[in-house]
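Reading through the structure tokens given below for one structure.
The values are calculated or read from the model by the stated rules, or taken from the named source; none is laboratory data. The structure presented is a predicted model; accordingly, all values stated were derived computationally and were not measured. Note that each Cβ is placed from the backbone with ideal geometry, even for glycine, and that neighbours are counted across all protein chains shown. The protein model used for the area step is the full one, side chains on, heavy atoms only, and it has no ligands, DNA or RNA in it. Shrake-Rupley method; radii C 1.70, N 1.55, O 1.52, S 1.80 Å.
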Amino acid sequence: MEDAEANQPVDPHEPLFEKLAEMDFGFFSNRKIYIDKMRPINSFSQKKLWQDAPRIHMAVLHVTNQCNLDCSFCKDSFCPVCKQFEHNGEETLTYEHWRNILTDLAFFGTTTVLFTGGEVMQYPYIYELIDLSQQLGLATNLHTNGMIPPKSIHSKLGVQISVTHKPNLKTIIHNYYKVKNQVTLLVEDQLYNEVKQIAGPEWKMMKTTIHKPLIVKERLVKPNMNSFYSRKLSDACLNGKIAISHVGDVYPCLGSQTPVLNLRRDSLSQAIKILVSDYWKQNVDARDHQLKCQGCEFRYSCNACRFLNTEENCTYSLEEATWL
């Protein structure tokens, strides 16, 4: 390893180097070359006075609070993709508000947009917003419960459908069968095997849960060089994400309970500044409320959410250095 660090020849068949190459932690070269130790993360750019402008990778737009279902777990879901907020007396954003928000998101380099609710198909201008989003060059996705048949589905629109009740599946399949190649079924964990058997292999499916995740050894990830330094420098889950509610409140995600500001009174640029400093760049070492994580040797391999109580939901014992 010392020879490799010193840029001296090494045996590429040595087990350690073979394993590092397999994990994408390096590569072999026939000549001496200089590589920044942080490789994909340029160390100079992290220290320069004028930082690169932050970019939004995913914007979740909660365009309506109305829903045609009354799910008992709605308000208690830990990491929701749709949500009904408690009414706070504020007026909902108008269509013009959402048009301006989409334009601003495109200006800030947003790559992906997800329209959700409530039930997004109950929003009267959803098709107009989808058209505008795609015209602005944004990868556009829609989340729905699938109970309302769509008027039309653009060929480049991604559709996510939550399956939380088995009786709803027949209606979902009927409403979206013609565009099933664009659909991903988000299936509650306990229903997954039944739904898979009924829907068949032609439907894409993904397991989801409304419950707080339990941190176990089997769920650890094996980071490569890129993801390792990304986790050291930022929050692996929240970095580049923003959620905007039907009244204009801005959140780091729909699972958060506290808005950072409201777009009726403040600007998107102000929201991004707060998200960068308070969420995006707050890695696991900066979480004062998760002291267990700071002392854990697996913290850069763990996907523990910052809103999760790791004292209650982690099965690793720091004192015994064992998984329970």
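Taken over region 115-137, residues that are touching a residue at least 40 places away in the same chain (Cβ under 8 Å), hydrophobic (A, V, I, L, M, F, W, C) and surrounded by fewer than 23 Cβ atoms within 10 Å (Cβ to Cβ) amount to 2.
Is it the case, given these coordinates, that Lys180 is touching a helix residue (DSSP H, G or I) at 6+ places or on another chain (Cβ under 9 Å) and modelled with pLDDT under 95? No, not satisfied. Scanning region 149-169 for residues that are over 15 Å from Asp70 (Cβ atoms) and in contact with an Asp or Glu (Cβ under 9 Å, 6 or more places away or on another chain) yields His154, Val163, Lys166, Leu169. Within region 304-311, identify whether any single residue is farther than 17 Å from Cys79 by Cβ and β-branched (Val, Ile, Thr), and answer yes or no. No: region 304-311 contains no residue that is farther than 17 Å from Cys79 by Cβ and β-branched (Val, Ile, Thr). Across region 111-132, not a single residue is classified as part of a helix (DSSP H, G or I), within 26 Å of Cys237 (Cβ to Cβ), at pLDDT below 95 and among the hydrophobic types (A, V, I, L, M, F, W, C).
Residues that are touching a residue at least 60 places away in the same chain (Cβ under 8 Å) and in contact with a Pro (Cβ under 9 Å, 6 or more places away or on another chain) were ranked within region 254-274; the one that is farthest from Val60 (Cα to Cα) is Ile272.
When Lys180, Lys151, Lys207, Lys156 are checked against the criterion of being more than 21 Å from Leu102 (Cβ to Cβ), open to solvent by 80 Å² or more (accessible area, probe 1.4 Å) and among the basic types (Lys, Arg), a single residue qualifies: Lys207.
Of the residues making up region 231-265, those that are open to solvent by less than 40 Å² (accessible area, probe 1.4 Å) and more than 20 Å from Gly89 (Cα to Cα) are Arg231, Ser234, Asp235, Leu238, Gly240, Ile242, Pro252, Cys253, Gly255. Considering region 1-16, the residues that are modelled with pLDDT of 80 or more and part of a helix (DSSP H, G or I) include one that is most open to solvent (accessible area, probe 1.4 Å), namely Pro15. Among the residues making up region 294-324, those that are of a type in the set (Phe, Trp, Tyr) and open to solvent by less than 40 Å² (accessible area, probe 1.4 Å) are Tyr300, Tyr316. Residue count for region 274-293, restricted to those that are over 12 Å from Ala236 (Cα atoms) and either touching a Lys or Arg at 6+ places or on another chain (Cβ under 7 Å) or open to solvent by less than 30 Å² (accessible area, probe 1.4 Å) (or both): 4. Among the residues of region 73-93, those that are part of a loop (DSSP other than H, G, I, E, B), open to solvent by 70 Å² or more (accessible area, probe 1.4 Å) and over 20 Å from Lys207 (Cβ atoms) comprise Glu86, His87, Asn88, Gly89, Glu91, Thr92.
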